[in-house]
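Below: the structure, in structure tokens.
Every number in this text was worked out from the coordinates using simple rules, so none of it is lab data. The structure presented is a predicted model; accordingly, all values stated were derived computationally and were not measured. In this analysis, Cβ positions are derived from the backbone assuming ideal geometry, glycine residues included, and neighbour counts consider all displayed protein chains.
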Amino acid sequence: MADASIDQDVSIFQHNVSESLLILQSLRKLEPQVERAAKLLADALLSGKKLLACGNGGSAADASHLTTEFVVRYQADRRPYPAISFTTNGGDLTACGNDYGFDEIFARQVRAFGHKGDVLFAFTTSGNSENVLRALLTAKDTGVSTVAFLGRDGGSSSGIADVEFLVEHGVTARIQEAHKLLLHTICELVEVRLHAAANAGHQPLT
């Protein structure tokens, strides 16, 4: 059944494409944040630090997608870099959820794995995921730099991260699509910096 809010003369597909185009165009204003996030992450990795990531549902998939791009590669061949998604270890997640509550599943992992100079990328399309909010706050307390991917009005997570990406839209799917473009662009920019460092003799490519 078609969404009642969609013009019945336009297919759901055409509506979604048009809506997505408008949102992606609005991301142009976030270029300074993209550059800052890429520099923050590249500097951390080149200093021997690591990338951490977390999110729920589709955002959990985005967190794992991001870390894979650095453990393996984004485009070009290069050495692997340390990156951990807090969404993938079922033992850690279920034990922490059982013993300390779902709200603590990411914050506890920040305390376990995060060190000063690391970078946490946190995804929440509502901005109100309590476990993501606690992870951001714990990261700040432990000297871990933070990058937040938010949606809607930013919710309770707004204004906390060192770098913030806010996609001001009410549909989760469209927010996640925009987040994906942002994180892919960051991956590309970071990889350019990693290769430049390797070619300058600071880091081996493989």
Evaluate segment 112-120: report whether one residue or more is without any contact (Cβ under 8 Å) to a residue 24 or more places away in the chain and in contact with a helix residue (DSSP H, G or I) (Cβ under 9 Å, 6 or more places away or on another chain). yes
Would you call residue 70 among the aromatic types (Phe, Trp, Tyr) and more than 21 Å from the chain's Cα centre (by Cα)?
no
Restricted to segment 162-176 and to residues being under 12 Å from residue 20 (Cα atoms) and buried (at least 19 other Cβ atoms within 10 Å of the Cβ), the residue farthest from the chain's Cα centre (by Cα) is 169
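Say whether the condition of being more than 15 Å from the chain's Cα centre (by Cα) and part of a helix (DSSP H, G or I) is met by at least one residue in segment 45-58.
Here is the first cut: in segment 45-58, the ones more than 15 Å from the chain's Cα centre (by Cα) are 45-49.
Of the ones still in play, those that are also part of a helix (DSSP H, G or I) are 45-46.
Looking for residues that are more than 15 Å from the chain's Cα centre (by Cα) and part of a helix (DSSP H, G or I), one finds at least one in segment 45-58, hence yes.
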When restricted to 143, 127, 159, the only residue among the small types (Gly, Ala, Ser), assigned to a loop (DSSP other than H, G, I, E, B), within 17 Å of the chain's Cα centre (by Cα) and loosely packed, with under 15 Cβ neighbours inside 10 Å is 159
Output for Cβ contacts, cut-off 6 Å, separation at least six or different chains, first residue in contact (Cβ under 8 Å) with a residue 60 or more places away in the chain and under 13 Å from residue 42 (Cα atoms) in segment 175-200, second of a type in the set (Lys, Arg) and buried (at least 18 other Cβ atoms within 10 Å of the Cβ), reads 194/78
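One line per residue, one yes/no per condition, for (1) part of a loop (DSSP other than H, G, I, E, B); (2) farther than 19 Å from residue 59 by Cβ; (3) under 11 Å from the mean Cα position of the chain (by Cα):
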position: 120; (1), (2), (3): no, no, yes
position: 123; (1), (2), (3): no, no, yes
position: 138; (1), (2), (3): no, no, no
position: 149; (1), (2), (3): no, no, yes
position: 194; (1), (2), (3): no, yes, no
